[in-house]
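The values are calculated or read from the model by the stated rules, or taken from the named source; none is laboratory data. Since the model is a prediction, treat every value here as computed from it, not as a measurement. Glycine also receives a Cβ, built like all others from the backbone with ideal geometry; neighbour counts cover every protein chain displayed. What goes into the accessible areas is simple: the full protein's heavy atoms, side chains included, and nothing from ligands, DNA or RNA. Shrake-Rupley method; radii C 1.70, N 1.55, O 1.52, S 1.80 Å.
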Amino acid sequence: MAELEFGEIPIEVVGLPRDDVESRKAELKFQRAVQSLGRIHPDILEARAIVKISTLEKDRKRYEVQVFIKLPKEQFDFTKEGWSVEQVFEKIGEKIKRLMTKPRDKPSHHRHPSRMEMESARFAE
C-alpha cells in the first residue's frame, strides 16, 4: 500500500507489487492524473485506486483497477481492466482528463422549445 500527500490530496494505490518497475510507473501515472485534476478541482477529498490481479495460465496476469475520487459535492468511480498494468492506468488517466473537460453545470443536451411552447410564450406577454 502506497500513500502520498501532494497539495493535501490523499492519493492511495492499493494492491500493486512494491518491487515491480511497471507498478511504480503505473502509480506515478495515477498520481499525475489526480494532481492535474486537482488543479481544476482543488477540493478533492480522496483519490483511491484498488488493483486486483488475476493470474491465468502461462503466468499471464489480468489487472482490474477500481478508481474512486471523492469531491465535497460529487464522487467519481469507475473500473478499467486489461493485460498490462501500465495500459490500464493510461486508460484511467484518459478518463480523468475527460472529467476535467466535461462541463459541470451545463446539461448534456439542450432542448429547443417546441413550436407550441414558443407560441404560448409569445401570446402570454
*Cβ-Cβ below 6 Å, separation at least six or inter-chain, first residue in the stretch 1-18 and within 16 Å of residue 33 (Cα to Cα), second open to solvent by less than 100 Å² (accessible area, probe 1.4 Å) and modelled with pLDDT under 50: which pairs?*
11/4; 13/2
*In this structure, is residue 87 closer than 18 Å to residue 28 by Cα, modelled with pLDDT of 80 or more, open to solvent by 90 Å² or more (accessible area, probe 1.4 Å) and not acidic (Asp, Glu)?*
yes
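Which of the residues that make up the stretch 26-75 are of a type in the set (Val, Ile, Thr) and open to solvent by 70 Å² or more (accessible area, probe 1.4 Å)? Give the steps one after another, and end with the answer.
Filtering the stretch 26-75 down to residues of a type in the set (Val, Ile, Thr) leaves 34, 40, 44, 50-51, 53, 55, 65, 67, 69.
Residues satisfying the conditions are 40, 55.
Looking at the structure I just gave you, is residue 52 in contact with a strand residue (DSSP E or B) (Cβ under 8 Å, 6 or more places away or on another chain), under 18 Å from residue 34 (Cβ atoms) and modelled with pLDDT of 90 or more? Spell out how you get there, then give the answer.
Working: in contact with a strand residue (DSSP E or B) (Cβ under 8 Å, 6 or more places away or on another chain): yes; under 18 Å from residue 34 (Cβ atoms): no; modelled with pLDDT of 90 or more: yes.
Spelling it out, it is not the case that residue 52 is in contact with a strand residue (DSSP E or B) (Cβ under 8 Å, 6 or more places away or on another chain), under 18 Å from residue 34 (Cβ atoms) and modelled with pLDDT of 90 or more.
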